[in-house]
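Contents: one structure, followed by commentary.
Nothing in this text is a laboratory measurement; each read-out follows from the coordinates by a stated rule. This structure is a prediction, so every number in the text was calculated from the model and none was measured. Glycine also receives a Cβ, built like all others from the backbone with ideal geometry; neighbour counts cover every protein chain displayed.
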Amino acid sequence: MSNGPQAEMELKGEDVPTVFVPRWHLHRRLYDWVIGLANRRHASVWLATLSFAESSFFPIPPDVLLIPLVMGNRKRWLRFATVCSVASVLGAVLGYIIGWLLWDALHVYFYKIPGITPGGVEHVKELYAAWSFWIVFTAGFTPIPFKLITITAGLFFGANPGLFLVFLLASAVSRSARFFLVAALLYRYGQPIKRWIDKYFNWVCLLFTVLLVGGFVVVKYAF
């Protein structure tokens, strides 16, 4: 059995200081740096920016920032989850506006994304007609790229106020459910999870990559 200050801190449920890692382990050093942001005033600004951008044009999900921030300061889990959810929904509105007002100018760029074709977009239009709420909800709660759903929702729903409210409700419910669930689990089981991530960090990074790529693969076949 291990002993010493680190073991004592683990038994008390306290956060154990991050161990030194070589300079060439850039992903691990970035992770440690983000955890260090958790107690700083601008941590929420970084989180809000990433959450907002991911819902409309940026490919990296906000979970990669939310998770280490909550682990770095579990007492702020409600704040971080709230910031992440609100910013993500606001970003979804921007994505909606892009699809509604700018699709004609930008659609050529969207068709360059693997798997997205004019015929596929028409197929999704039919799915929206039957399952509008659940399509947005599923994308908001799962690794499916949310920005593609927010933009196509704007394209198909347009200026219809009733459908926009459906979109807004589905976005708010799914994004809040996802981020508050993640933050609550980290608050409740943060220290064991942190030790597990520290132990299998490279595998966790690989898992995130697989989920990110997998989301685009799902979109490819869905379209």
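Of note:
- Sequence-ordered 3J(HN,Hα) estimates for the range 85-101 from the Karplus curve with 6.51, -1.76 and 1.60 and θ = phi - 60° stand at 5, 4, 5, 5, 5, 4, x, 5, 5, 4, x, 4, 5, 4, x, 6, 9 Hz, glycine and proline given as x.
- Simple spin-label estimate for THR138 and VAL45 gives 3.9 nm between the two label positions (7 Å along the Cα-to-Cβ direction from each Cα).
- Principal axis dimensions, largest first and in whole angstrom, of the range 120-162 by Cα: 27, 23, 17
- Extension reserve of the TRP131-LEU102 stretch, reckoned as 0.36 nm per residue once the Cα distance is removed: 8.0 nm
- Residue exposure proxy: LYS75, LYS112, ordered by other Cβ atoms within 10 angstrom of their Cβ from fewest to most, comes out as LYS112, LYS75.
- Debye intensity ratio in log₁₀ form over the Cα atoms of the range 38-124, taken at each q of 0.21 Å⁻¹: -0.93
- Ordering of 130-137, 170-177, 66-73, 118-125 by burial proxy (mean other Cβ atoms within 10 Å per residue, highest first): 66-73, 170-177, 130-137, 118-125
- At 0.890 mPa s and 25 °C, Stokes diffusion of the range 61-197 via Kirkwood alpha-carbon radius, µm² per second: 154 µm²/s
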